[in-house]
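Read through the structure below, which is laid out as C-alpha cells, and then see the notes.
The values are calculated or read from the model by the stated rules, or taken from the named source; none is laboratory data. No experiment lies behind these values; they were computed from the predicted model shown. Virtual Cβ from ideal backbone geometry, glycine too; neighbours counted across all protein chains shown. Side chains included, ligands, DNA and RNA excluded: accessible areas come from the protein's heavy atoms. Shrake-Rupley method; radii C 1.70, N 1.55, O 1.52, S 1.80 Å.
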Amino acid sequence: MKAELGHKFQGLAEFTVSRALASVFWMDEEGKIYYANETAKSVYGYSEEEFKQLSIFQINREFTDQRFRMLWAESKKKGKLHLESAHWRKDGTRFPVEIFVNHLQFEGQAYNVSFVLDITHRKRKEQLLTSVSRATSSTMGVDFFKSLVENITQALGVHMCLITQLDPSEKDMLKTLAYYRDGDFVENTSYHLDGTPCKQVIHEKRPLHQLIGVSSDYPKEVGIEGYFGVPILSRQGDCLGLIGLFDNKPLDLLDEEMEIIRMFSDRAAVELERNMANEKLLDAMWQVEDLKNKLEAENTYLQQEIQGEHNFHEIITQSIPFKALLANLEQVAVTDATVLITGESGTGKELLARAIHDISPRSNRPLVKVNCAVLPANLIESELFGHEKGAFTGAISRKIGRFELADQGTLFLDEIGELPLELQSKLLRALQEGEFERLGSTQTKAVNVRVIAATNRQLEKEVADGAFRADLYYRLNVFPVHSLPLRERKEDIGLLVKHFVQKFGANLGKKITNIPKRAMNALLAYDWPGNIRELENVIERAVILSPESKLELGDWIPKKNVVASVSDFVTLAEFEKRYIMDVLQRTAWRVSGEKGAAKILGMKPTTLESRMKKLGIKRGL
Ligand SMILES: Nc1ncnc2c1ncn2[C@@H]1O[C@H](COP(=O)(O)OP(=O)(O)OP(=O)(O)O)[C@@H](O)[C@H]1O
C-alpha cells in the first residue's frame, strides 16, 4: 500500500515537472541537455530526441564557454542562481528569459536544473515604461508630446502614434499636437472624428482597443488593422483630446501596456491644460500690449492734436443756405453714415467734419485725421492700417494705424481725392467690411469707425477720368455735403471779419474796436478765391500791422483785379499756374511759414504742394 502510494506521488511529481509553467532543463557540467520538460518542447519547438542532441549553446546562442563555466562555478558554490538572459527557439526567434537555477547532485553526478520563464511581455512593458518615462521626464509642452509619440511608437513597434486636441472652435474636429509615423514626425494636421475610431474614444471618454479589422469598420482608416485610443481628460473630466496608436498589423497589447499609455494620458492632460492656459495668458498679454500701444498712440495723437491749432469755435454764419447745410449736418451727425464734404479750399470742410463728430454719439472718442495728400502711397498705407515690426525697411517697431486709433470714433480722411489708386481698393474693403490687416500681418483686425471724407476735387470727374474708383466714390458719397465758397455767402464776410479781428486781437493782446467802413467795403468787394482761410490770413496780418485800435488793411489787401496783369487770355489752369509761380517767385519759393506762398494764397502748404504737382510747377521752370 505504502509502495503504491510512493509510486503514485512519484508519478505526480514527474507530471508536475513536465507540465510546469516554466521550461525545465537538466544539464551537465559541459552544458549538455539531459532533460527538457513538456513545456520546453512547446516553447522551443524541439522534440525530446532533438533536445537530447542539444547543449545550452544552441539554446542561448550568445553564450560563451567561459561564461558558462563561470555560472556553473557560481551555482555550484551557492547551490542556486537567478539571472536574466535571452534564448532561441528552433525557428531562430529570440526571446528574453528569466532563469532560476538549482545545482543538484543526482546519483553521484552534478547537474544544473534550470527553470526558464519567457518574459517577453514583462520586458516590453518595462521597456515601454522606462523609455517613455525617461524620454518625457525632462520635457514639457510640445516637446513632451513629441517625445511621447516617438517613444510609444518605438517601444511598441507600431506604425504610428499621435496626440490630438479637440478644436474648441469646431465641433468634432481634432488637431494633432504631435504625429509620428514610420520612424519620423509628420506635419501636424486636423481631421474630423467621423469615420474614425477616435470618435468613440472622445464621445465615450473611455479607452478603445481594437486588435484587428479597423479599416473595415472605419472608412477613413485605410490600411489600418489595429487601434488603441485613450482619451485625455481634464481634472474636471472634460475630454481635451486623445492619444491614438494605429498599426498596420494586429495590435496585440497587454493590459499593463494599455495602463501605461493611459497613465501618460494623465500627464498629457496636465501639459495640454498648461498649454491652453499659456495660450490664454499670451492672448491676454497680447491684448494688454495692443491696448497699451493703442492708448499710447491715441495719447500721442491727442497731444499732437492739442498742440496743432484748431478752431473749435462755433461755426460763424448768417447765410441762409449755409444754415440749411448745418441743419442737414445735425441730422446726419447722429447716424453712422459716411459723409463726403466737397468744396473749395479753405471753405471750412475740416471745421464741418469736426462739428459732425462733436455732436455725434462718438464725440467722447477721438476724431482721427489723415491727410491723404501729405504722404507717399506706401507710407499712407501704414499710416492708415499700421504695420508690424519689420514689415518694411524702416519699420523698426510695431505701429498702430489711424483706422485702429479711430475705433469707436471718427476717421477724417482729408483730401481723399489725392489717395493713390492702389490704396483706394484697400480703403474700400476697410470701409465695407470694417476689416483690414496691418502691413506685414495676416491677422485681420475689425474696427467700428465712422468715416468723414473731404476733397476740393470734383470726384465725379475724377471717376470719369479713371483717377478715382467709382465704387469707393459711391461708398463715400452716402451723404454728400457741399461747403459753400465765401463768394456765395458774402453776408458772412462782415461777421467773420469781426470774429477774426477779435480772435487775433486777443492772441496779440490788441484791442481793435474800429473797423473802418472803407476797409470793410474792400473786403466785401473781393472775391476770396482762397475763401475763409484767405480772409483769416488777411485779417491776421492786418491785426499784426495795425498800430492802434483801428484796423489797417495796408497795401497788400487783395485787389479784385489782380488778374489784370495777365494780358493774354489763357485757360484757368494756366492762369492758376502762372499766378502760383508768380507768388512763389516773390516768396523765393518758400511754400510754408509766415512769409510762405501758401499763406499768401490762402491754402495749406500741403494743398499748395499737391496743386503745384498737379500743375507741373517746379523751381527753375
Ligand atoms: N464758418 C466758419 N467760421 C469760423 N471759422 C471758419 C469757418 N469756416 C472756416 N473757418 C476757418 O477757416 C480755416 C479753413 O477752414 P478748414 O481748414 O476747415 O477748410 P478746408 O475746406 O478744410 O480747407 P482745405 O481744403 O484746404 O483742407 C480754418 O482756420 C477754419 O477754422
Some residue of the range 591-605 being more than 16 Å from the ligand (Cβ to nearest atom) and either assigned by TED's automatic domain parsing to the domain that holds A542 or under 15 Å from S345 (Cβ atoms) (or both): yes
Selection count, the range 409-452, where residues are open to solvent by less than 70 Å² (accessible area, probe 1.4 Å) and part of a strand (DSSP E or B): 14
Residues that are farther than 27 Å from R611 by Cβ and open to solvent by 50 Å² or more (accessible area, probe 1.4 Å), drawn from the range 328-351: N328, E330, Q331, V334, T335, D336
Whichever residue in the range 150-163 is touching a residue at least 60 places away in the same chain (Cβ under 8 Å) and either part of a loop (DSSP other than H, G, I, E, B) or out of contact with any Phe, Trp or Tyr (no Cβ under 8 Å at 6 or more places or on another chain) (or both) and, among such residues, is farthest from E257 (Cα to Cα): H159
Residue in the range 365-384 that is surrounded by fewer than 20 Cβ atoms within 10 Å (Cβ to Cβ), touching a strand residue (DSSP E or B) at 6+ places or on another chain (Cβ under 6 Å) and either of a type in the set (G, A, S) or at positive phi (or both) present: no
D336 being away from the ligand (no atom under 15 Å from the Cβ), more than 23 Å from the chain's Cα centre (by Cα), modelled with pLDDT of 90 or more and closer than 26 Å to T444 by Cβ: yes
Single condition S147 does not satisfy, out of (1) surrounded by fewer than 14 Cβ atoms within 10 Å (Cβ to Cβ); (2) part of a helix (DSSP H, G or I): (1)
Residue within the range 17-35 that is of a type in the set (K, R), surrounded by 16 or more Cβ atoms within 10 Å (Cβ to Cβ) and either assigned by TED's automatic domain parsing to the domain that holds L71 or touching a His at 6+ places or on another chain (Cβ under 9 Å) (or both) present: no
Flag if L211 is open to solvent by less than 30 Å² (accessible area, probe 1.4 Å) and in the same structural domain as R267 (by TED's automatic domain parsing): no
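Matching residues to (1) at pLDDT 85 or above; (2) part of a loop (DSSP other than H, G, I, E, B); (3) within 38 Å of the chain's Cα centre (by Cα); (4) outside the structural domain of G494 (by TED's automatic domain parsing):
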site: L240; (1), (2), (3), (4): yes, no, yes, yes
site: I243; (1), (2), (3), (4): yes, no, yes, yes
site: E271; (1), (2), (3), (4): yes, no, yes, yes
site: R274; (1), (2), (3), (4): yes, no, yes, yes
site: W286; (1), (2), (3), (4): no, no, yes, yes
site: Y301; (1), (2), (3), (4): no, no, yes, yes
site: H313; (1), (2), (3), (4): no, yes, no, yes
Residue within the range 564-582 that is part of a helix (DSSP H, G or I), farther than 25 Å from D414 by Cα and modelled with pLDDT under 75 present: yes
Pairs with Cβ under 8 Å, 6+ apart, first in the range 432-449 and farther than 21 Å from K389 by Cβ, second among the basic types (K, R): Q432/R475; E435/R429; E435/K445
